[in-house]
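The values are calculated or read from the model by the stated rules, or taken from the named source; none is laboratory data. Just so we're clear, the structure is a prediction, and the values are computed from it rather than from any experiment. Cβ placement follows ideal geometry from the backbone for every residue including glycine, while neighbour counts extend to all protein chains displayed. Side chains included, ligands, DNA and RNA excluded: accessible areas come from the protein's heavy atoms. Shrake-Rupley method; radii C 1.70, N 1.55, O 1.52, S 1.80 Å.
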Amino acid sequence: MALLEVEDVVVQFGGITAVNHANLSVAAGEITGLIGPNGAGKTTLFNVITGLQTPTSGSVHLDGDDITRLAPQARAHRGIARTFQRLEVFGSLTVHENLLVAAEIRATWDRHAPSPSAVARELIDVIGLRDWATTPSDSVPTGIARLTELGRALAIQPRLLLLDEPSSGLSEDETGDFARLLQRLAHGGQAVMIVEHDVELVMDICSTIHVLDFGEVIASGPPARIRADKAVQAAYLGVQVDVETGAAAGAVSA
């Protein structure tokens, strides 16, 4: 059974339907991608999963339990962590202190949690932030700030990690290192779901990809199937498909 199940979720804002009967799942030990055009409803769906947005209808289950009406902090206690499309680091704190704060917060609700200082030190090395550990977060490059936010999310030791545009601001080399880090996390049993516009990154590291368009999941499956899906090509990957012949014209782009 999947760790996360989103079932028939609808989100409406007045007369606008942002998410339309969406169904998807995320398994432990895998990286799952969520892609689609701008405004497709990806971040709204993340907000539903993390409790920042109450769905109009539908449900969210974590490890078989219905969490649809739980508050965001209750979901964090159950093992859900996320990053945001807009950077949300504590700018006046150092990189190390950002991770330490998160680990200390985890310790307030879990008396079995490991030492916060030990967690922060380990993550600094795991993520590769040692050279920046004592630098205030508002003084680091965007890519390092992204990694700091990732480390802070990992410091609460989540079962499900949701990442919204995590490669934004990363250089090509940093993106490669980041991809390998996520793969190591997944191999260790972590469930990871990413919203990402770097299609090649998604295709390289994800086991399953869900594609949103106008709030609807128009395709789900492994990368090869998503690349070949004509509806996905027409909606997102930059290929126009002749509806009569099925022939594609134009080049696939990110």
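Things worth noting here:
- Given (1) more than 28 Å from Asp198 (Cα to Cα); (2) in a strand (DSSP E or B); (3) acidic (Asp, Glu), index of the condition Glu104 fails: (2)
- Beta carbons closer than 7 Å, at least 6 apart along the sequence or on distinct chains, pair a first residue in the stretch 72-84 that is part of a helix (DSSP H, G or I) with a second that is polar (S, T, N, Q) for Pro72/Thr50; Arg75/Thr50.
- Residue in the stretch 160-171 that is in a loop (DSSP other than H, G, I, E, B), farther than 25 Å from Pro223 by Cβ and touching a His at 6+ places or on another chain (Cβ under 9 Å) present: no
- Test for Pro114: is it assigned to a loop (DSSP other than H, G, I, E, B) and more than 21 Å from Lys42 (Cα to Cα): yes
- Wholly within the stretch 1-66, strands (runs of 3 or more DSSP E) carrying at least 3 residues that are farther than 17 Å from Val211 by Cβ, at pLDDT 95 or above and open to solvent by 10 Å² or more (accessible area, probe 1.4 Å): 4-13, 57-62
- Inspection of the stretch 168-179 identifies no residue that is modelled with pLDDT of 90 or more and within 25 Å of Leu52 (Cα to Cα).
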